[in-house]
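J.: This is the structure I have questions about; it appears just below.
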Amino acid sequence: VFHGRILARRLVGQETRYEVEVKAPYRHRFPLVAREYLWVPNTCGCPALREGEEYLLMARRHVNHEHTLNRILLRDDGYARPWTPREARLVREAARHC
């Protein structure tokens, strides 16, 4: 779970790749760098993320069996909500209890 700002969007085959500026990580099992790519399958029912907007994102690290693919993937079981100070406070509180 992290707070990020969408810098760019690009369609790549059956997926959309977003370039994201990581503003603040809240809960993560893998390290995040200042800029990451977030991949979203076009079959996902997720709303399109808008360039310049900030979101609270819950995504998963996806590594294939051959270890040739290592990326952040927003799947149907993840979420992307517009970021607000209230959302940030709720996530920080939840992270302390989890």
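J.: How large is the translational diffusion coefficient of the chain in µm² per second when you combine the Kirkwood radius over alpha carbon pairs with Stokes-Einstein at 37 °C and 0.692 mPa s?
T.: 237 µm²/s
J.: Further, regarding this structure: Which of Leu69, Leu56, Leu11 ends up with the largest GNM mean-square fluctuation for the chain, with Cα atoms connected below 10 Å?
T.: Top of the fluctuation ranking is Leu69.
J.: Relative to the Cα centre, what is the charge dipole magnitude of the stretch 2-96, using +1 at the beta carbon of each Lys and Arg, -1 at the beta carbon of each Asp and Glu, and rounding to the nearest 20 debye?
T.: Details: 18 positive and 12 negative charges, 62 e Å.
Using only the charged Cβ atoms, the result is roughly 300 debye.
J.: Right, something else. Can you give me the % of accessible surface on the chain that is carbon or sulfur? Probe 1.4 Å, all protein chains present, nothing else counted.
T.: Carbon and sulfur: 49 percent of the exposed surface of the chain.
J.: Helix 85-97 sits at what angle to the longest principal axis of the chain, using alpha carbons and giving 0 to 90 degrees rounded to 10?
T.: 90 degrees
The values are calculated or read from the model by the stated rules, or taken from the named source; none is laboratory data. Note that this is a predicted model, so its numbers are computed, not measured. Note that we place each Cβ from the backbone using ideal geometry, even for glycine, and neighbour counts take in every protein chain shown. These area figures cover heavy atoms from the full protein model, side chains too; ligands, DNA and RNA do not enter into them. Shrake-Rupley method; radii C 1.70, N 1.55, O 1.52, S 1.80 Å.
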